[in-house]
1. What Rg and what Dmax come out for segment 1-147 when only alpha-carbon atoms are used, in angstroms?
2. Kirkwood Rh, the chain, all Cα pairs: how many Å?
3. Percent of alpha carbon pairs in segment 1-71 separated by more than 20 Å?
4. Tell me which residues come under 5 Å, amide H to amide H, from Ile21 once H is placed; ignore anything under 5 positions away on its chain.
5. By counting other Cβ atoms within 10 Å of each Cβ, how are Tyr146, Tyr217 ranked from fewest to most?
6. Go through segment 47-111 and name the GluC sites (Glu not before Pro) that are in a DSSP coil and have 14 or fewer other Cβ atoms within 10 Å of their Cβ.
7. Given a cut-off of under 8 Å on Cα pairs at least six residues apart, what relative contact order in percent is computed for the chain?
8. Can you sort Glu159, Glu138 from fewest to most other Cβ atoms within 10 Å of each residue's own Cβ?
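Coordinate-derived values only; no laboratory data. Note that this is a predicted model, so its numbers are computed, not measured. Cβ: placed from backbone, ideal geometry, glycine included. Neighbour counts: every protein chain shown.
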Amino acid sequence: MADNRPIIESLRPGSDEDWLIVAGDVAELSDDIEWALRLLAGRFAKVIWTPGNHELWTPREDPVQLRGAERYAHLVARCRELGVVTPEDPYPVWRGPGGPAAIAPVFTLYDYSFRAPGLTVEQSLQQADEAGIVCTDEFLLHNWPYPSRADWCRARVAETERRLAAHDPDIPLVLVSHWPLLREPTRALWRQEFAQWCGTELTERWHRDHRTEAVVYGHLHIPRTTWHDGVRFEEVSVGYPREWRRRGHPRGLLRQILPAPQAPVDGDRSVVRLGAASS
Ligand SMILES: [Fe+2]
């Protein structure tokens, strides 16, 4: 969004050692995605990115018309040229304050398991449609070469579980996903019909099964800190202009992930070490 551009331009590290987590939904057009990540990669010592649904759209006006997994692979290749860490790379280990912690960007999408209870996927989508709620993903987020987005999600989950199982358990993880890893945070959505586009039950144990220092996510546009099974979950959305014009940036633009903030409550977090942002 054009009005979010000055926000990206304003993001600066608090020190030369700061890393930045970018938890997805940077932009929709490939040139805009690359512009933002290039700018941030030039400022922060390391940038870690995981895709949101918006990067994975194939808008008609984008010169890059690749779809689904091919578009994702293209974005990963562009990130590597910029030195940006992706879900396809080894997890970098933060050894600054609050470390060591391996920063694990994960890309798992959704499989509609957060749908309305008791309904099939088709019934749940129909019910949402009748309520006027349809995620644009249904039109622009292609699942090629998988039969469905749910199949792509399951393949991503299986591959990510393999990576997490191979991780050294002595080094705690910061799990970074655009979509929340468990359903509970979606209970705060104004429209519950939207939850089915927000994640998968397949990831709901990851923060318990692996030694997890924190979970970072976005997508819900409800910036806040919640605790689940003793693990800190940080929703780091910046939000659409219409959202931040109404509510401001009560948690600051950059959120401190490590070292863990002394008091995980709303307040000025403008000084960051390992920070995070998502739109
Ligand atoms: Fe999103």
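1. When restricted to Cα atoms, segment 1-147 yields Rg and Dmax of 17.5, 52 Å.
2. Working: mean 1/r = 0.0531 Å⁻¹.
Computed over Cα pairs of the chain, the Kirkwood hydrodynamic radius comes out at 18.8 Å.
3. Working: 779 of 2485 pairs.
Considering segment 1-71, 31 percent of its Cα-Cα pairs are separated by more than 20 Å.
4. Ile48, Gly275, Ala276, Ala277
5. Numbers: Tyr146 17, Tyr217 28.
By the 10 Å Cβ count, ascending, the order reads Tyr146, Tyr217.
6. Working: sites: Glu55, Glu61, Glu70, Glu81, Glu88; in loops: Glu61, Glu88.
Answer by residue number: Glu61.
7. Details: 564 pairs, mean separation 59.7, N = 279.
Normalised by residue count, the contact order of the chain is 21 percent.
8. On the way: Glu159 15, Glu138 12.
The order, fewest Cβ neighbours first, is Glu138, Glu159.
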